[in-house]
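Bear in mind these aren't lab numbers, they're just calculated from the coordinates by the rules spelled out. Here the structure is a predicted model, which means the values were calculated and not measured. Note: ideal-geometry Cβ built from the backbone for every residue, glycine included; neighbour counts use all protein chains shown.
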Amino acid sequence: MPRAVVILFILALGFFPFPSRAETPDYLGSETPRTPYDRKYRRVEAYLVSIQQIKTVSYNPSFSIQESKVRHYLKRARRFRFEKEDLLSSGIEGDYWQLPEETERVRSGDCEDLAIWLYYHLLDEGFRNIRFTLGFAGAEDKAVHAWVTWYDRGKTYILDPSRKEGIYNSTQLGAITYQPWYSYYFDRRWSHR
């Protein structure tokens, strides 16, 4: 390769910003009293509170047992027909979030519906280290996306029932992938912005 091309390439690197470590997504966030999506989440929250027994189960098996359960539910979620909905074009209030039993009845849903279904079933299995999460899944995305974030033994995993792979270790994702905005655990909320 000619020396001039190498020099131009090195100079060009200075003009194009690459994600820095400081731009890594904040998966923990800060607890907040409210979010712009509270009106929609309240219905999910009320449903979870009405099934109170799932909140009192104690559960702390090995990672491999937990991962097996996660993969089982991701596989079940992929049997539902995925119907993409653009939250930015329909507005925050334009999209109806299905409860888990509704998703099972109609056998379809968008990313929020599938993530809520997965979130509920993992809670029902005793998982306490998960959150229902809203944000952007990738740089090309124009719509808000939903997934479940799983925190286990110092690591963060993205559980996305609307994507084929479904489970991602956050350390293997780029800085512009799966950017959380807000997350929920029962009646608690976090802002990641």
Point to revise | In the stretch 152-182, residue surrounded by the fewest Cβ atoms within 10 Å (Cβ to Cβ) [restricted to those that are under 20 Å from Glu31 (Cβ atoms) and in contact with a Gly (Cβ under 6 Å, 6 or more places away or on another chain)] | key: Trp181
Review point. Which one is farthest from Pro33 (Cα to Cα), of the residues in the stretch 183-193 that are among the basic types (Lys, Arg) and surrounded by fewer than 16 Cβ atoms within 10 Å (Cβ to Cβ)?
Key: Arg193
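Within the group Glu101, Glu112, Glu140, which residue is surrounded by fewer than 23 Cβ atoms within 10 Å (Cβ to Cβ) and within 19 Å of Phe80 (Cα to Cα)?
Selected residue: Glu101, the only one of Glu101, Glu112, Glu140 that is surrounded by fewer than 23 Cβ atoms within 10 Å (Cβ to Cβ) and within 19 Å of Phe80 (Cα to Cα).
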